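**Q** So that we are looking at the same thing, I have put the structure below in structure tokens.
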Amino acid sequence: MTLTRIIVVASMVLVLSACKFKGNVETKYEEPPSPSITSLKDSGLPCFKCHAYEKYAQNKPGIFSHAKHKSFGVHCNTCHIIKEHTESNVKKEACDTCHKLTSFTLETSGMPVNFTHQGHARRFNCSECHSRLFLMKKGSTKIAMDDMYRGNSCGACHNGKKAFSTSACTKCHAKMTGFKKALTYTSAGMSPVIFSHELHTAMFECNSCHATLFKYKKGGSGMKMDDLYQGKFCASCHNGQAAFGSSDCQRCHK
């Protein structure tokens, strides 16, 4: 074997050995460990207040479910910063997330009103009433019949066109206990006058007297006998034609 041939064979052996050695080398790459982020302070995301970062930070697509979180009793303010409601286009679906709409009773007079949020929310959005007509707190908005007749508060809708008129008293005042109680008006030098709401409402609608003749408050109209003689207040009807005249004193002063 010539020297040249020996050199060629030796070179081939070295090349083959080098390839085999290179093929046996395993290059192992390890990803750096994920940071242990488990709080809002560390991550800036509220999800990790409850969820571990290592479990939910993988490159996998996912769908967030509000319904699932709500079923676990997670409140909106756990994840969201709740600000004061100032938007005028709030939808009732959004309100229902936090507010369980209920019925309540207004008992500012002897004739309580049962108001149902559910019945109104089926027809209108919350923004129809709040806070355009009513503040977002029971009792914080003054509600008076005189105002309703002027188209304020409930009267904005209950005008006989969009909804039944405010003059249909029994629609709201289902239990009109105040009408069964007679009103007593004292008078100097005369026996008191006993006024029966129950008797008069059996013959007339409430708006026959309220609020064109009388305010919705006993004594609030400042009625005097001189006014009656001028055809005002009771004398609008008690004129001797529609009803006995106001000069028939013993009919009232018994």
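**Q** Among (1) surrounded by 13 or more Cβ atoms within 10 Å (Cβ to Cβ); (2) not assigned by TED's automatic domain parsing to the domain that holds Leu106, there is one condition Ser167 misses while meeting the rest; what is its number?
**A** Ser167 satisfies every listed condition except (2).
**Q** Continuing with this model, one more query. For Tyr216, which of the numbered conditions (1) modelled with pLDDT of 85 or more; (2) touching a helix residue (DSSP H, G or I) at 6+ places or on another chain (Cβ under 6 Å) fails to hold?
**A** Tallying (1) modelled with pLDDT of 85 or more; (2) touching a helix residue (DSSP H, G or I) at 6+ places or on another chain (Cβ under 6 Å), Tyr216 fails exactly one: (1).
**Q** If I filter segment 168-185 down to residues being at pLDDT 80 or above and part of a loop (DSSP other than H, G, I, E, B), which single residue comes out as farthest from Thr116 (Cα to Cα)?
**A** The extreme case among them is Ala182.
Residues are listed down the side, and each one gets a yes or a no for (1) more than 20 Å from Arg251 (Cα to Cα); (2) without any contact (Cβ under 8 Å) to a residue 40 or more places away in the chain; (3) surrounded by 15 or more Cβ atoms within 10 Å (Cβ to Cβ):
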site: Gly139; (1), (2), (3): yes, yes, no
site: Ile143; (1), (2), (3): yes, yes, yes
site: Asn159; (1), (2), (3): yes, yes, yes
site: Lys171; (1), (2), (3): yes, yes, no
site: Cys209; (1), (2), (3): no, yes, yes
site: Lys224; (1), (2), (3): no, yes, no
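**Q** In segment 217-245, what residues are more than 15 Å from Tyr185 (Cα to Cα) and assigned to a loop (DSSP other than H, G, I, E, B)?
**A** Within segment 217-245, Gln230, Gly231, Lys232, Cys237, His238, Asn239, Gly240, Gln241, Ala242, Ala243, Phe244, Gly245 meet the criteria.
**Q** Suppose we filter segment 223-247 for residues that are of a type outside the set (A, V, I, L, M) and either within 15 Å of Leu183 (Cα to Cα) or not assigned by TED's automatic domain parsing to the domain that holds His197 (or both); how many remain?
**A** 1
The values are calculated or read from the model by the stated rules, or taken from the named source; none is laboratory data. This structure is a prediction, so every number in the text was calculated from the model and none was measured. Virtual Cβ from ideal backbone geometry, glycine too; neighbours counted across all protein chains shown.
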